[in-house]
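Single-structure report; data block below.
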Amino acid sequence: MTVYLDNSATTRPGTAAAETVREAMESGWYNPSALYKPAMEAQKRIEAVRESCLRAAGAEGCRVVFTSGGTESDNLALIGHMKTRRTPQEVLISSVEHPAVSACAEELRRMGHQVTEIPAKKNGSVDLAALESMMSLDTAMISVMQVNNETGALEPLEEIAALRNRICPGAAIHVDGVQGFLRVPLRFRKLGIQSYALSAHKIHGLKGTGALILAENHPVKPLAFGGGQEGNLRSGTENTFGILALGAAVDSWKKADTARIRELKIRLWKNLKERIPEATVNGPDPEEGAPHILNIALEPVRSQTMLFALEGDGIYVSAGSACASRKQKISPVLKAMGLSTSRADCSLRFSLCRENTEEEMDYTAERAAFHYEMLRKYTRK
């Protein structure tokens, strides 16, 4: 049996996305910037995808900029907006952000801005009391994730927006929604946030496609220059196939998919805990976090050792963020949450999708318990 449980790294392109791409490659491959009829039809289909993304995020009437993925969307949101600020100002970034956001900090500092990390609580979400004490009228931007990609922790976006409205109403809020889009409800307009990043290949679309949702009058400057596509914010011929596949993925998602994924995750955790009483959850309780992410520590067995043991059984999981997994270092997210080095070094992430099954959950728990009992005997004290 092959069990893929690394869906936070990437998902298998769905049937709807694959069929849409196949059809577009045969008959819809025209450059959407051209003026003849087939090209204009391609442009119409792209505009329909914008509307689908906006509806899914509760952002009707706002703007969508198509990008190459979540990383570019986050960079455009943070650096693109701060380029519009004429004087050095303060940016607050959560200490448990994805590298697509946290790595922007150094560039923002080079631009002259002050970047400060917002501390995290033990459950992986931002410390609201600390955030409140850090906010001031000098705060220009606040960046937090909707869902943490390693632990599944949910950020309290409503409370963060309320603090912003009271203390620094001129500050923009950016939300990295790469792990939350479709799987966790969002009301972009009602929250009053200014930008939201998403990625197609996390929701059964294609790699190389993403989007940035922007509030109507939120100022952003481009990071690249050329023909002026995407409202002059992302020049270059549009990735028609990827954009249409994103639309197919969005339109094919059902609320029942989210409920099913959560049921599978809870089943997996209960099976693991029953078979391995020593297992502990990193982050929120499985019932409270995101529906698809479960991060656990299996001390004293190191994560990479367990990862390779499970791979031998055809089970694919992760030792952390795929963007940093080959660097073989302790997760900065788990460290920011206050986990000990030994516990962080024994942590695994299981991330699910709607295509997983109950049988796969049971098989994964059984094999993990088998390897744990064997490997713990050979672990140095």
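Please treat every number below as a calculation from the coordinates, not as lab data. A quick note: this is a predicted structure, and the numbers were derived from the prediction, not measured. FYI the Cβ positions are ideal-geometry reconstructions off the backbone, even for glycines, and counts take in every protein chain you see.
The length gained on full extension between Ser33 and Thr237, counted as 0.36 nm times the residue separation minus their Cα-Cα distance, comes to 72.7 nm.
Between Glu107 and Ala259, the modelled labels are 4.2 nm apart [label points 7 Å from Cα along Cα→Cβ]. Packing-based ranking of 126-134, 301-309 yields 301-309, 126-134, ordered from highest to lowest mean Cβ neighbour count within 10 Å. As an exercise, use a Förster radius of 22 Å and the Cβ-Cβ distance of Tyr316 and Tyr378 to find the FRET efficiency, rounded to the nearest 0.05. Working from the Cβ atoms, E equals 0.40. Our estimate of slack between Lys221 and Arg12, defined as 0.36 nm per intervening residue step minus the Cα-Cα distance, is 71.9 nm. Site pair Lys270 and Thr305 shows an inter-label distance of 3.1 nm when each label is modelled 7 Å from Cα along Cα→Cβ.
Using the average count of surrounding beta-carbon atoms within 10 Å as a protection proxy, the listed peptides 353-366, 141-154, 67-80, 27-40 rank, highest first, as 141-154, 67-80, 353-366, 27-40.
Shown is the FRET efficiency for Ser133 and Met40, computed with R0 = 51 Å from the Cβ-Cβ distance and rounded to the nearest 0.05: 0.45.
Within the stretch 1-147, the ratio Rg/Rh, alpha carbon atoms throughout and Rh by Kirkwood, equals 1.07. Expressed to the nearest 5 percent, the antiparallel share of DSSP beta bridges inside the stretch 56-181 is 10 percent. Provide the percentage of antiparallel DSSP beta bridges, counting only those with both residues in the chain; round to the nearest 5. So the antiparallel bridges amount to about 50 percent of the total. Over all orientations, the chain has a Cα convex hull whose mean projected area works out to 19.1 square nanometres. Legend: distances between Cα atoms for Lys121/Lys335; Lys202/Lys273; Lys121/Lys255; Lys207/Lys255; pairs beyond 19 Å are Lys202/Lys273; Lys121/Lys255; Lys207/Lys255. Calculated mean residue ellipticity, 222 nm, the chain: -12000 deg cm²/dmol, from DSSP H runs (n ≥ 4) at -39500 (n - 2.57) each, averaged per residue and rounded to 500. Here the simple spin-label model places points 7 Å from the Cα toward Cβ, and for Ile167 and Gln114 these points are separated by 1.4 nm.
With K and R counted +1 and D and E -1, the other residues having a Cβ less than 15 Å from that of His371 yield a net charge of -1.
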